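Please treat every number below as a calculation from the coordinates, not as lab data. These numbers come from a predicted model, not from an experiment. Cβ sites come from the backbone with ideal geometry, for glycine too, and all protein chains shown count toward neighbours.
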Amino acid sequence: MSTPIVALEEVDKRFEGGVQALAGVNLQVAPGEFVTLLGPSGCGKSTVLRLAAGLDTPSAGRIDAPALRSSRADTAFVFQDATLMPWASVADNVWLPLRLAGEGRAQARPRVDRALATVGLAEFADAFPRQLSGGMRMRVSIARALVTQPTLLLMDEPFAALDEITRQKLNGDVLAARQAQGFATLFVTHSVYEAAFLSQRVLVMSARPGRVVAEVGIPEPYPRGAGFRNSGRFIETCAALSAALEGAHA
Amino acid sequence: MRIERALPLATFAASLLGWEALVRLAQIPHYTLPAPSLVLQTLFANFGSLATSWWFTLKITLGALVLACAGGVLIAAVFALSRSIERALFPVAVVLQVTPVVAIAPLILIYVESTTAALLLCAWIVAFFPILSNTVIGLRSADANLKDLFRLYRATPWQRLRLLLVPSALPYFIAGLKVSGGLSLIGAVTAEMVAGAAGRETGLASRILEASFRTETPKMFAALLLLVLTGVLVFWSFEALSKALLGRWHASERKD
Amino acid sequence: MTTRPTLLLAALIAAPALAQDKVTFATNWKAQAAHGGFYQAVADGTYRKYGLDVTIQPGGPQVNNRPLLPAGRIDFLMTGNLLHNFDNVKNGVPTVVVAAMFQKDPQALIAHPGQGYEKFEALKNAPVALIAKDGQFSWWQWLKVTHGFRDEALKPYNYNLGPFLANKRAIQQGYSVAEPIYVENQGQFKPVVHLLAEHGFSTYSTLIETRVDTVKNKPDLVQRFVDASILGWVNYLYGNRSAANALMIKDNPEMTVAELEASVALMKQQGIVDSGDSLAKGIGAMNEARIEDFYAQMVKAGLYKPGEVDLAKVATFQFVNKKVGLDLKTKLGGK
């Protein structure tokens with residue numbers, strides 16, 4: 001791999017109270033690559049994302065990530081909760097990262113509009129989060145993540161709370177955006193189907209303590225669509241992932 | 001919508017009529033319970049002097065409220081920034097809140113030179129705690145993920161305060177404000193009742209006292225009516241403020 | 001309507017031990033020597049001898065007993081000066097004065113010695129005047145108009161001597177027969193005392209007030225209460241008052257015998273209770289001229305408009321001026 005955009009080397013993370021969230025985690029993400037962390041609850045997947053975002057520091061080991069090189073807008077994070085500011089309009093929510101970087105509302109407006117168009121919410125720019133459905137709010141969250149044109153997108157089980165149809169639609173939207181902008185993605189999920197559909201590589205993790213126990217490559221080229229989802233390759237991939245998961249449990 | 005407005009008005013009108021009827025039918029003497037018609041008559045006859053007192057009570061109430069906001073928000077900000085300061089000083093705030101102002105007022109009147117300042121202080125003590133307590137909670141209630149997001153995008157502390165903490169705290173602050181509005185009036189009136197200040201700068205409470213000492217019961221009721229009106233005005237103003245600031249986005253202002 | 005009192009009298013004559021009328025008398029302060037005569041009449045059985053079972057309901061710092069009289073919750077009320085009664089008449093409250101136990105109002109202003117307040121005229125320049133609610137709305141207004149006192153100095157007096165003791169330039173209200181004693185005890189100095197009565201505040205004091213319909217329907221009851229009260233005062237001032245003092249201390253535990261006795265001495269010295277008219281007509285004496293004169297003064301002071309109060313309704317003289325208690329006083333040595 002040429003210089004990875006994210007690299008964890010023998011990373012441990014122990015929390016106060018003695019919980020060992022991660023032990024000896026090694027992983028790398030290449031620029032533009034889509035990597036998924038797959039595993040049961042409590043295996044430290046979210047912790048890895050937070051470390052990559054610079055929101056936490058490891059207890060041992062080394063991390064390299066864009067956020068840690070203190071450049072501003074290179075990393076974006078999408079939480080499981082849409083995490084919108086309820087007091088601000090959709091447009092103002094998407095504006096936030098640019099605003100924090102010092103851009104005025106008028107100056108940022110074209111990029112905000114483009115981000116909203118990417119997720120298909122251009123007409124809802126002046127609506128308030130309260131007026132939107134769960135799926136729409138998640139799309140706003142994604143638009144906000146994309147508005148700064150990040151090189152790394154971190155997503156922590158973003159579609160877990162949505163229904164299957166919306167989930168699949170948003171899967172497609174993320175891939176499309178990645179196609180257009182070329183960012184790397186570190187994606188966390190415990191859905192085998194999602195991991196199979198979205199990723200180039202899936203790192204299977206096990207819990208207590210969290211560590212990577214298996215790696216499954218998915219060579220299917222992009223763009224991926226309903227064709228892939230209905231194919232035999234997809235089913236085989238899912239089977240392989242499920243087996244790896246079970247193996248991680250054992 | 002019309003029924004919504006009509007119902008409280010109808011109830012109010014009915015109670016007034018009932019009161020008037022009761023006084024007339026039971027022939028209750030005016031110095032025991034004056035009829036609403038007599039109270040209104042007395043109000044108009046004395047409106048000049050009562051209005052001056054009304055203005056004074058209003059000034060104290062609003063003054064104390066403004067100071068309570070300033071004090072409450074400032075102290076809340078300090079508490080939100082430093083847990084240790086909060087732990088050290090919060091008990092003081094609690095003690096101030098639970099000590100009945102009726103008991104403290106005479107002491108304050110002894111220690112403080114100006115009667116107006118003493119009244120402001122009494123009303124402030126009563127009014128500031130809800131604002132302080134609510135704002136502290138509000139400042140702490142900022143969504144954890146949003147806080148992470150702000151960190152991720154390298155927000156300055158000022159940006160964090162302005163764009164995240166203040167809006168997060170706003171609903172709580174306004175809830176506290178609604179409570180403090182009424183308390184401020186009660187504090188001002190209680191303090192003045194205890195002070196029994198006569199003279200130039202006096203509010204409605206003094207007029208009520210004066211009327212009671214001079215057995216002018218209809219005037220007592222007239223002054224009381226103005227007090228109640230003030231309380232209602234304060235309440236409605238804050239309801240309107242709440243709707244204006246929170247109407248578009250906060251659950252507490254949902255129409256259902 | 002006259003059958004009732006007649007029957008009562010008949011019953012009284014027939015069975016003196018049985019016919020006790022229950023009567024509640026509310027005062028305007030906690031028990032003090034200025035209430036002594038009434039407590040005396042309870043303690044030595046004078047009220048009982050007159051067929052009255054009297055309960056004394058003390059007033060106090062935050063207590064306002066006055067509305068209880070027109071409301072029918074008490075039978076007789078003690079008022080401190082005629083202004084209260086003028087107000088009642090003006091506002092159509094049906095009450096009336098039946099006796100004036102004090103010929104002089106002991107209401108006074110006291111000041112620290114050596115501060116230049118030895119002359120009454122200097123008081124109006126005091127930076128702080130501690131006046132309680134009751135006074136603020138009555139005789140303070142008279143002081144402002146007639147003697148040039150200013151509201152700028154007015155501060156609420158909450159019956160705590162602290163602010164006065166702490167501030168040498170302050171003046172405060174008090175009863176000439178009470179507060180100076182407490183000030184001497186707590187502050188260890190004799191304050192300068194200015195009696196308002198000596199500067200034109202010519203009202204009677206410690207008046208007995210009752211409802212108009214009580215006077216109309218039970219005049220005999222009223223007469224008995226007034227007579228027994230007068231005798232109570234004679235006995236208190238000139239006889240053995242230890243039982244009365246004990247009763248007052250029971251009602252007001254902060255009071256001491258020494259303070260009570262000192263107060264009695266002052267009452268006698270200043271002629272508060274027994275002077276002028278009462279020497280010839282008995283304690284409780286009242287006359288119209290004095291009431292009219294006082295009213296005229298209050299009109300001049302702007303408290304009332306001329307003719308606003310129907311003076312005929314303020315007091316009734318049918319129960320006093322009958323020389324009640326004069327021979328008892330002589331018997332006791334009357335000093």
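Odds and ends about this structure:
- Reported to the nearest whole Å, the Cα centre-to-centre distance from the range C:160-216 to the range B:76-132 is 35.
- Most mobile listed residue (A:Ala160, A:Ala196, A:Ala145) in chain A, GNM with C-alpha springs under 10 Å: A:Ala160
- In this structure, the pairs whose alpha-carbon distance is over 26 Å, taken from C:Lys30/C:Lys155; C:Lys124/C:Lys313; C:Lys268/C:Lys313; C:Lys124/C:Lys281, are C:Lys124/C:Lys313; C:Lys268/C:Lys313; C:Lys124/C:Lys281.
- Remark: relative contact order (chain C) = 28 percent; criterion is Cα-Cα distance under 8 angstrom and separation of 6 or more residues.
- Under 16 Å from the B:Ala26 label point (7 Å along Cα→beta-carbon), backbone N, the range C:53-95: C:71-73
- Nearest-20 debye value, the protein assembly as shown charge dipole, Cβ charges on Lys, Arg, Asp, Glu: 520 debye
- Note on the range A:118-250: with charges restricted to the Cβ of Lys and Arg (+1) and Asp and Glu (-1), its dipole about the Cα centre is near 160 debye.
- Look at the Cα gyration tensor of the range B:56-121: its axes a ≥ b ≥ c give a/c of at least 1.5 with a/b at or below b/c, and that counts as oblate.
- Relative contact order (%) - criterion: Cα under 8 Å, at least six apart; region: the range B:51-247: 29 percent
- A simple rule links phi to the HN-Hα coupling: the Karplus curve 6.51 cos²θ - 1.76 cosθ + 1.60 with θ = phi - 60°, which for the range C:116-124 gives x, 9, 5, 9, 4, 4, 6, 4, 5 Hz, with x for Gly and Pro.
- Principal-axis analysis of the Cα atoms of chain B puts helix B:47-81 at an angle of about 20° to the longest axis.
- Span-rule helices in chain C, defined as complete DSSP H runs reaching 24 Å or more along the axis (Cα) with Kyte mean at least -1.0: C:219-238
- Förster radius 56 Å - calculated FRET efficiency between C:Ala166 and B:Ala144 (Cβ-Cβ, nearest 0.05): 0.55
- The packing ranking, built from the mean of other Cβ atoms within 10 Å per residue, places the peptides A:82-89, C:142-149 in the order A:82-89, C:142-149, highest first.
- Prolate/oblate/rounded label for chain B (Cα gyration tensor, a/c 1.5): oblate
- Dipole moment magnitude, nearest 20 debye, the range B:51-247 about Cα centre, only Lys, Arg, Asp, Glu C-beta charged: 620 debye
- Among residues other than A:Arg62 with Cβ under 12 Å from its Cβ, the summed charge is -4 (Lys and Arg +1, Asp and Glu -1).
- Near A:Leu22: Cβ cut-off under 14 Å, other residues only, Lys/Arg at +1 and Asp/Glu at -1. The net charge is +3.
- Dipole-positive endmost among A:Pro110, A:Gly134, A:Phe124 within the range A:85-149 (Cβ charges, Cα centre): A:Gly134
- Candidates C:Leu161, C:Leu123, C:Leu260, ranked by Gaussian network fluctuation over chain C, Cα under 10 Å, top entry: C:Leu161
- Euclidean distance between Cα centres, the range A:72-95 to the range C:27-41, Å: 78 Å
- With R₀ set to 35 Å, the beta-carbon distance separating C:His199 from C:Lys323 gives a calculated FRET efficiency near 0.65.
- Mean projected area in nm² (Cα convex hull; one quarter of hull surface) for the range B:54-183: 9.0 nm²
- Residues of the range A:171-198 with amide N under 16 Å of a point placed 7 Å along Cα→Cβ from A:Arg229: A:171-177, A:191-198
- Additional length obtainable on full extension of the chain from A:Ser41 to A:Arg105, 0.36 nm per residue less Cα span: 19.1 nm
- For a straight C-alpha distance cut-off of 19 angstrom, the aspartates and glutamates reachable from C:Lys218 (same-chain residues fewer than eight places away being disregarded) are C:Asp21, C:Asp53, C:Asp75, C:Glu209, C:Asp227.
- Remark: the Cα gyration tensor places the protein assembly as shown in the prolate category, a/c being 1.5 or greater and a/b exceeding b/c.
- Principal-axis tilt of helix A:90-100 within chain A, Cα atoms, nearest 10 degrees: 70 degrees
- Taken as Cα centroids, the range C:224-267 and the range A:174-238 sit 102 Å apart, rounded to the nearest whole angstrom.
- Ordering B:Pro130, C:Leu143, C:Ile56 by Cα displacement along the dipole of the protein assembly as shown toward the positive end leaves C:Leu143 in first place; charges were set at the Cβ atoms of Lys, Arg (+1) and Asp, Glu (-1).
- Dipole of the range B:51-247, positive direction: furthest Cα of B:Cys69, B:Ile174, B:Ala80, with charges on the beta-carbon: B:Ala80
- Above-threshold pairs, the threshold being 29 Å between Cα atoms, out of C:Lys133/C:Lys300; C:Lys250/C:Lys329; C:Lys22/C:Lys322; B:Lys59/B:Lys243; C:Lys49/C:Lys90; C:Lys104/C:Lys250: C:Lys49/C:Lys90
- Most mobile of A:Phe187, A:Phe159, A:Phe124 in a GNM of chain A (Cα contacts under 10 Å): A:Phe124
- Other residues whose C-beta falls under 11 angstrom from the C-beta of C:Ser242 contribute a net charge of -1, scoring Lys and Arg +1 and Asp and Glu -1.
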